[in-house]
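Okay, so here's the structure we're looking at.
The values are calculated or read from the model by the stated rules, or taken from the named source; none is laboratory data. Everything numeric in this text was worked out from a predicted model, so none of it was measured. Ideal geometry is used to build each Cβ from the backbone, glycine not excepted, and the neighbour counts take in all protein chains shown.
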């Protein structure tokens, strides 16, 4: 009998990580039937793409409301798929709000479940919420040691697999790809700019980033390069650059990891990209802006969580101190960020201190072939 696995992936980063796992699964057994919700990278590996919400991925309380009809429809499609196919296993990746609802439904149907890149309750949540995750999860694959310890202490069936960013390091470990492709002189320091992969965050952060780059337009020693996560965002970002007067900007539409490696330093939207910078050893500055009403609600009703969440970026959370300068909400503007960027560009001590911290973090988290480890755990589940 053909074994069936359903994946539920709703974000661009999840699409990449899941695609590698799917590649390894098909190497183990080409006759597997792997289907569900994901993105183009998963599809390229032979995944049967039934639903794709990666273009509307968002975070926050009110932000998903802009796409509520599409999200509800996607959830209905996935529930119907589970009911009709009765797969041997449901694998969910990140995307907590959507996937927790799908996990509950799968358990009602008696379908085994696996959570890869789980909710970050170990960082900013509570034991109560952590237990809710485990209640609907047969196996949780932890990507951080602290995450493993947190869920293990709650009695969960947890395996530590390592962070998939190390697979990226192995796949894309090559210097000067961006510099050579864009003909950037060797004497110029590349300033990488990473606005993110979500439309809503690009709309909020993009104008700030372009105004920042406009401040650098007379600095002949640097070359700003903006990473474009999805081709459809190129014209929007170009328009933002034009309006801000950032005439010195170049755009990179290929693999963002090459830009991380070639950048002297970067300005990024807080997220996994901060950890990627740490692993590649490229100093950066992080900023983030919530939708104003979302931030107000967080401050009013989730202040306890907000107080526990001292930092936003993953490296700072792991170090429990500010290694990467963070600028949140009102401080995510040129007035605050520009002086810090100039310091990073011109102060060797500050720059080298961040480099050393990144080396330490890389040593703590280093793992080999995460996708294969995850695939092995999944394959073991469907064989049982």
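Report whether or not residue 93 is modelled with pLDDT of 95 or more, over 30 Å from residue 205 (Cβ atoms) and under 23 Å from the mean Cα position of the chain (by Cα). No; evaluated as a whole, the condition is false for this residue. Within the range 159-185, how many residues are touching a helix residue (DSSP H, G or I) at 6+ places or on another chain (Cβ under 8 Å), surrounded by 15 or more Cβ atoms within 10 Å (Cβ to Cβ) and either within 17 Å of residue 377 (Cβ to Cβ) or at pLDDT 90 or above (or both)? Final tally of qualifying residues: 13. Restricting attention to the range 313-340, the residues that are farther than 20 Å from residue 210 by Cα and buried (at least 17 other Cβ atoms within 10 Å of the Cβ) total 9. Of the residues examined, residue 117 is one that is closer than 26 Å to residue 12 by Cβ and not assigned by TED's automatic domain parsing to the domain that holds residue 270. For the range 112-131, a residue qualifies if it is under 9 Å from residue 93 (Cα atoms) and surrounded by fewer than 21 Cβ atoms within 10 Å (Cβ to Cβ), but none of them does. Residue 212 - would you say it is touching a strand residue (DSSP E or B) at 6+ places or on another chain (Cβ under 6 Å), buried (at least 17 other Cβ atoms within 10 Å of the Cβ) and outside the structural domain of residue 107 (by TED's automatic domain parsing)? No: the conditions fail for residue 212.
Scanning the range 120-153 for residues that are under 18 Å from residue 373 (Cα atoms) and either out of contact with any strand residue (DSSP E or B) (no Cβ under 6 Å at 6 or more places or on another chain) or in a helix (DSSP H, G or I) (or both) yields 143, 144, 145, 147, 148.
Pairs meeting the criteria (first residue in the range 316-327 and over 19 Å from residue 339 (Cβ atoms), second residue buried (at least 19 other Cβ atoms within 10 Å of the Cβ), beta carbons under 6 Å, at least 6 apart or on different chains) are 316/323; 316/324; 317/311. Yes or no: the range 316-331 includes at least one residue that is outside any helix (DSSP H, G or I), in contact with a helix residue (DSSP H, G or I) (Cβ under 7 Å, 6 or more places away or on another chain) and closer than 19 Å to residue 189 by Cβ. Yes, because at least one residue in the range 316-331 is outside any helix (DSSP H, G or I), in contact with a helix residue (DSSP H, G or I) (Cβ under 7 Å, 6 or more places away or on another chain) and closer than 19 Å to residue 189 by Cβ. Among the residues of the range 159-199, write down those that are farther than 25 Å from residue 117 by Cα and assigned to a helix (DSSP H, G or I). 177, 178, 179, 180, 181 - these are the residues of the range 159-199 that are farther than 25 Å from residue 117 by Cα and assigned to a helix (DSSP H, G or I).
Cβ-Cβ contacts under 6 Å between residues 6 or more apart (or on different chains), taken from a first residue in the range 342-360 that is more than 24 Å from residue 223 (Cβ to Cβ) to a second residue that is part of a helix (DSSP H, G or I), are absent. Hey, can you tell me all the residues within the range 119-142 that are closer than 23 Å to residue 383 by Cα and at pLDDT below 95? If the condition is that a residue be closer than 23 Å to residue 383 by Cα and at pLDDT below 95, then no residue fits.
Restricting attention to the range 239-254, the residues that are closer than 15 Å to residue 196 by Cα, buried (at least 16 other Cβ atoms within 10 Å of the Cβ) and out of contact with any helix residue (DSSP H, G or I) (no Cβ under 6 Å at 6 or more places or on another chain) add up to 1. Residue 156 fulfils the conditions (1) crowded, with 17+ Cβ neighbours inside 10 Å; (2) touching a helix residue (DSSP H, G or I) at 6+ places or on another chain (Cβ under 7 Å); (3) assigned to a loop (DSSP other than H, G, I, E, B); (4) outside the structural domain of residue 372 (by TED's automatic domain parsing) except for a single criterion, (4).
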